[in-house]
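The next block holds one structure in the form of structure tokens; read it before the comments.
The values are calculated or read from the model by the stated rules, or taken from the named source; none is laboratory data. For clarity, every value in this text was computed on a predicted model and none was experimentally measured. Here the Cβ positions follow ideal geometry from the backbone for every residue, glycine too, while neighbour counts run over all protein chains shown.
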Amino acid sequence: MKNVRLHVLVLILVVIAELIGTKTIPVGVGNIVLLPMLFAMILGVLITPKFLKIAREKEMDDAGSLIGLTLMLLMARYGTNIGPTLPQILAASPALILQELGNLGTVFFGVPIGVLLGLKREVIGGAHSIAREPNVALIGDKFGLDSEEGQGVLGVYIVGTVFGTIFIGLLVSLLAAVTPLHPYSLAMATGVGSASMMTAGVGSLVAMFPEMEEMLTAFGATSNMLSGLDGIYMSLWLALPLSEWLYKKSYKAKYGQLPEPSKAVKGDD
């Protein structure tokens with residue numbers, strides 16, 4: 001009962017977002033789909049103390065603590081779609097497993113670009129993954145969150161929390177509209193290890209391909225589950241060592257010398 005005002009605010013935002021509904025923007029042969037979730041997030045940002053000051057700081061903190069619970073219920077709902085489509089998922093298992101290697105793309109793109117922009121070891125923490133909770137914990141354990149690597153992973157974590165769902169939802173809509181990629185492959189690609197990002201991406205696909213709703217949600221949820229299971233090991237054994245190696249190569253290419261070693265207290269643990 002302490003959060004009655006918060007629940008009322010959320011209910012009002014949801015009603016407004018649902019009244020706005022799904023908006024479709026034609027692009028080439030397809031469409032970019034803007035879901036009610038996107039409008040709810042924008043409205044949620046506007047009522048914060050930084051803007052309209054309708055919501056209080058404590059309410060914002062309390063809302064953040066409830067995200068895990070709501071996503072747990074959402075993933076349970078998605079889990080009901082996996083069972084009936086299990087034969088199709090098993091048939092596509094090689095693709096589901098191989099697409100996990102796509103998570104290394106953040107390393108190959110992020111590290112060189114980060115060094116080019118002037119970042120130092122922050123780029124190792126920020127570019128080795130999409131920086132969700134397990135990755136933050138990994139960097140914190142290996143380097144410490146007060147290290148340069150820790151600053152990098154926390155920076156990406158905050159940006160991903162604020163803009164990740166918006167970015168994924170719009171990107172998936174755009175790719176579905178202007179590329180020949182199959183909706184199933186795009187649904188797999190949304191499973192990056194973040195339930196909210198996956199939900200936004202799959203929601204955009206379902207709005208564009210409603211006849212495929214069951215399979216799209218099943219592929220998205222399965223991919224996200226696999227990312228959650230093997231993501232931390234891929235980061236530990238592949239992405240993090242690769243980030244350090246590529247950082248040294250990129251740094252030497254730009255500055256003509258090797259970078260200084262990590263100053264992290266936990267670097268040798």
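Worth pointing out:
- Identity of the residue in region 240-262, under 16 Å from Ile113 (Cα atoms) and either outside the structural domain of Gly152 (by TED's automatic domain parsing) or hydrophobic (A, V, I, L, M, F, W, C) (or both), that ends up farthest from the chain's Cα centre (by Cα): Ala253
- Count - residues of region 116-154 that are under 16 Å from the mean Cα position of the chain (by Cα), at pLDDT 85 or above and among the polar types (S, T, N, Q): 1
For (1) aliphatic (A, V, I, L, M); (2) farther than 18 Å from Ser196 by Cα; (3) touching a Phe, Trp or Tyr at 6+ places or on another chain (Cβ under 7 Å), each residue gets a yes or a no:
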site: Ile113; (1), (2), (3): yes, yes, no
site: Leu116; (1), (2), (3): yes, yes, no
site: Ile124; (1), (2), (3): yes, yes, yes
site: Ser129; (1), (2), (3): no, no, no
site: Val136; (1), (2), (3): yes, no, yes
site: Asp141; (1), (2), (3): no, yes, no
site: Val153; (1), (2), (3): yes, yes, no
site: Ile158; (1), (2), (3): yes, no, no
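- Filter result for the condition that a residue is touching a Leu at 6+ places or on another chain (Cβ under 9 Å) and either among the hydroxyl-bearing types (Ser, Thr, Tyr) or in contact (Cβ under 8 Å) with a residue 40 or more places away in the chain (or both), over Ala221, Ala189, Ala177: Ala189
- Filter result for the condition that a residue is of a type in the set (Gly, Ala, Ser) and touching a Gly at 6+ places or on another chain (Cβ under 9 Å), over Ser227, Ser185, Ser262: Ser227
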